[in-house]
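Notes follow once the structure below has been shown.
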Amino acid sequence: MQQIAAITPDAPAPAPATPALRGEKVSVHYGAKQALFDVDLEVGRNAVTSLIGPSGCGKSTFLRCFNRMNDTIAACRVSGRITLDDEDIYDRNLDVVELRARVGMVFQKPNPFPKSIFDNVAYGPRIHGLFRTKEELEEIVEASLRRAGLWSEVKDRLREPGTGLSGGQQQRLCIARAIATRPEVLLMDEPCSALDPIATAVIEELIDELRENFTIVIVTHSMQQAARVSQKTAFFHLGRLVEEGLTEDIFTNPVNRQTQDYITGRIG
Amino acid sequence: MSSMTDAPLSDAVAGPASVPADERALRRRRRNAADRRLRLYGIAAIATAIGLLAVLLLTLIAGGYQAFVQTHIRVDFPISAEHVDPADPAAGDWRSVVRDGLQALLPAAASPAEQRAMGQILTNNTQFIVRNAVIANPSVIGGTLTVEVPAADIFDQLNKGTIRRDTLEENRRVTDAQIRWFDTLVEQGRVSTPFNWALFFNADSRFPEIAGLAGAITGSFYALLVCFLISFPVGIAAAIWLEEFAPKNRWTDLVEVNINNLAAVPSIVFGLLGLAVFLNFFGLPRSAPLVGGLVLALMTLPTIIIVTRNALKAVPPSIREAGYGMGASPQQVVLHHVLPLALPGILTGTIIGLAQALGETAPLLLIGMNAFITSPPGGVLEASTALPTQIYIWADSPERGFVARTSAGILVLLGFLLIMNAIAIFLRQRLERRW
């Protein structure tokens, strides 16, 4: 919990060389079916890492290992080792509630709670007890909405339902909600796939800004988006990590034949 | 499968161009006619349903409206100190008081038999009505007390025209002499037919003119209260566990199948269960709303579990994901997000389940809630009837006045059901508009 307090949106932590997240030999089974095969991947601190690949390649499954969202699926089994700051997140003693406060998530479809805009953002701080006074909570909410670039649009209607916003605003509200617990890592599962191009551009810009303070992992179907927002890219195919590296290299000079076929549109 | 895909394919290959235009027009006309027919069948079905409902309601109203008014006769009773001792009015000779009051209005009776026939005009309970009025107000002793007394059932029927004057005297419940006396009272302006408040404020009685639904309404209220207090929390807890937490395996499948079957069990079986378990094994009191409520709760429980599960299922999974993604525990996800969204559906289903329980008769008959009880129950452990069982008792009674009261009782029951369903609709709209 100490790390959470240390990383505030206003005071970005210095970027150490060690990776924030590291997956070693990560395999995932849904019942008898194996969805992910021995994936090794390091996610750099304060950078955007995008996971690309055709539908059903396991990129979302891999993303959901980082905050143990797969735990909510009864038939799902995860093996291998995933560490956050060298701490095994599948350790028996680790509390999944605290983990999810440190690893926030934004989903494919904007899913604000059917509560007020304020209550949406305040929800995380409330359940994790991140404030002492009402003023502190209001500060957190305002700071989070500012970080998500939504403050000026909603500051006069914080008591109105979050579901009344437009799709793009809803998604930024979800981002504000996720960063209100001051996580270290932000996971984004195709955050723009339900949005129009203008709203997408706003979110992409936001992702670029958020990189200063958060480690971001994003799953995307759009290769242009991966190229625009991420510094590192990992290509998945049929449950295996095929290639990973700097985004520039992957898109201009892929080593693997499958990667080349995918980014040029021949498979997928 | 292959034949299904092959056939239209060959049609498509033949192409619309090869089908003559008039043949296509014919096909289109047939299709449109079929559409129209389907719509007509639907309208016909609805019209039939509405027609039958109208017939039911009209029959009930035609049969029951007379029970909502009651013939009363205004009588001045001389409360003389001779019959009533001011020190102990309860022990007075009330029979004589009533006789004297009536005698003063009518020609003198020639014989004791005639006097008895005259006494039949007022309800049998008149002496108790007068006694209670005097006990409540002892200052009238020595003076006269004017009371609007309900007329006995046969004179009520005579006044309402259900007993016809042109029937031969030997086939009629009232004699010619009694009709003459009654007409005398009418001429004196002493007969009136006000609204029958007794129907709502009196409990059951052997005499239709003073029988009411107060006991049944109170009994039904207590039984429904017990039913709600048990089935609502238990049903919701069971549904939440089954829907949100239970592993999907053979045991939970078995539980689910059994709950669905339970919802289809005939209600009389629940009555037998209540008789065997609550009365015979646990020794709870017979005819008590507590036992009635327990039995009704068993019946309502599967309904509440099923509607709650459906309401929970209807909450979009993205809300649960959002909650878990924020680090909420399963309990927090359910209580903060899922349950509030499911609540309108749960409440609606619960009220409809309770409305069903309110109209349920068979299980209450088996645990003795069809007893003849002349005062409303003071609590859930006192013997009582319920609305449907009261209707059942009245429907079984031979007096003419109970015929109309049976229909009136059904109308009152329907009124309560209507109110409950209206509350359900109101709650659903009110709560759903919140977001």
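Some notes on this structure:
- Which listed residue is within 14 Å of chain A (Cβ to nearest Cβ) and in contact with a Lys or Arg (Cβ under 9 Å, 6 or more places away or on another chain), from B:G327, B:G323: B:G327
- Out of A:T181, A:T163, sole residue that is closer than 21 Å to A:R64 by Cα and touching a residue at least 12 places away in the same chain (Cβ under 8 Å): A:T181
- Residue identified as crowded, with 17+ Cβ neighbours inside 10 Å and of a type outside the set (D, E) among B:G51, B:G42, B:G92: B:G92
- Some residue of region B:412-422 being among the aromatic types (F, W, Y) and farther than 15 Å from B:G219 by Cα: no
Per-residue answers, yes or no, for (1) among the acidic types (D, E); (2) in contact (Cβ under 8 Å) with a residue 40 or more places away in the chain; (3) assigned to a helix (DSSP H, G or I):
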| residue | (1), (2), (3) |
| --- | --- |
| B:Q178 | no, yes, yes |
| B:T184 | no, yes, yes |
| B:D204 | yes, yes, no |
| B:G215 | no, yes, yes |
| B:L224 | no, yes, yes |
| B:F232 | no, yes, yes |
| B:E244 | yes, yes, yes |
| B:W251 | no, no, yes |
| B:E256 | yes, no, yes |
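- Residue count for region A:134-146, restricted to those that are more than 14 Å from chain B (Cβ to nearest Cβ), farther than 20 Å from A:T163 by Cα and in contact with a helix residue (DSSP H, G or I) (Cβ under 7 Å, 6 or more places away or on another chain): 1
- So B:L290, is it under 28 Å from the mean Cα position of the chain (by Cα), more than 14 Å from chain A (Cβ to nearest Cβ) and either surrounded by fewer than 22 Cβ atoms within 10 Å (Cβ to Cβ) or modelled with pLDDT of 95 or more (or both): yes
- Positions within region A:33-60 being of a type in the set (V, I, T) and touching a helix residue (DSSP H, G or I) at 6+ places or on another chain (Cβ under 7 Å), in sequence order: A:V39, A:V48, A:I52
- In region A:147-195, the residues that are among the small types (G, A, S) and either under 14 Å from A:K109 (Cα atoms) or within 13 Å of another protein chain (Cβ to nearest Cβ) (or both): A:G162, A:G164, A:S166, A:G167, A:G168, A:A176, A:A178, A:A180, A:S193, A:A194
- Criterion (more than 14 Å from every other protein chain (Cβ to nearest Cβ) and at pLDDT below 95) met by exactly one of B:I305, B:I346: B:I346
- Meets criteria (at pLDDT 95 or above, out of contact with any Asp or Glu (no Cβ under 7 Å at 6 or more places or on another chain) and either of a type in the set (V, I, T) or crowded, with 19+ Cβ neighbours inside 10 Å (or both)) for B:V295: yes
- Residue within region A:174-193 that is at negative phi and over 15 Å from the mean Cα position of the chain (by Cα) present: no
- Residue within region B:205-227 that is more than 14 Å from every other protein chain (Cβ to nearest Cβ), out of contact with any Gly (no Cβ under 8 Å at 6 or more places or on another chain), surrounded by fewer than 20 Cβ atoms within 10 Å (Cβ to Cβ) and of a type in the set (G, A, S) present: yes
- All of (1) under 27 Å from A:R172 (Cα atoms); (2) surrounded by 16 or more Cβ atoms within 10 Å (Cβ to Cβ); (3) more than 14 Å from chain B (Cβ to nearest Cβ); (4) in contact with a His (Cβ under 8 Å, 6 or more places away or on another chain) hold for A:P54 with one exception: (2).
- Taken over region B:322-343, the criterion of being under 14 Å from A:Y123 (Cβ atoms), over 32 Å from the mean Cα position of the chain (by Cα) and without any contact (Cβ under 8 Å) to a residue 12 or more places away in the chain is satisfied by B:Y324, B:G325, B:M326, B:G327, B:A328, B:S329, B:Q332, B:L335.
- Across region A:89-133, the qualifying residues are those that are closer than 17 Å to A:A20 by Cα and crowded, with 19+ Cβ neighbours inside 10 Å, and the one among them that is farthest from the other protein chains (Cβ to nearest Cβ) is A:I89.
- The number of residues in region A:40-84 that are outside any strand (DSSP E or B) and either within 12 Å of the chain's Cα centre (by Cα) or not acidic (D, E) (or both) comes to 26.
- Residue match in region B:286-296 (condition: at positive phi, touching a His at 6+ places or on another chain (Cβ under 7 Å) and assigned to a loop (DSSP other than H, G, I, E, B)): no
- Which numbered condition B:G142 fails, given (1) exposed (fewer than 14 other Cβ atoms within 10 Å of the Cβ); (2) under 28 Å from B:P398 (Cβ atoms); (3) in contact with a Ser or Thr (Cβ under 9 Å, 6 or more places away or on another chain): (2)
- Hits in region A:72-83 - residues which are within 14 Å of another protein chain (Cβ to nearest Cβ) and farther than 15 Å from B:A328 by Cα: A:I73, A:A74, A:A75, A:C76
The values are calculated or read from the model by the stated rules, or taken from the named source; none is laboratory data. As the structure is a prediction and not an experimental result, all values here were calculated from the model. Note that we place each Cβ from the backbone using ideal geometry, even for glycine, and neighbour counts take in every protein chain shown.
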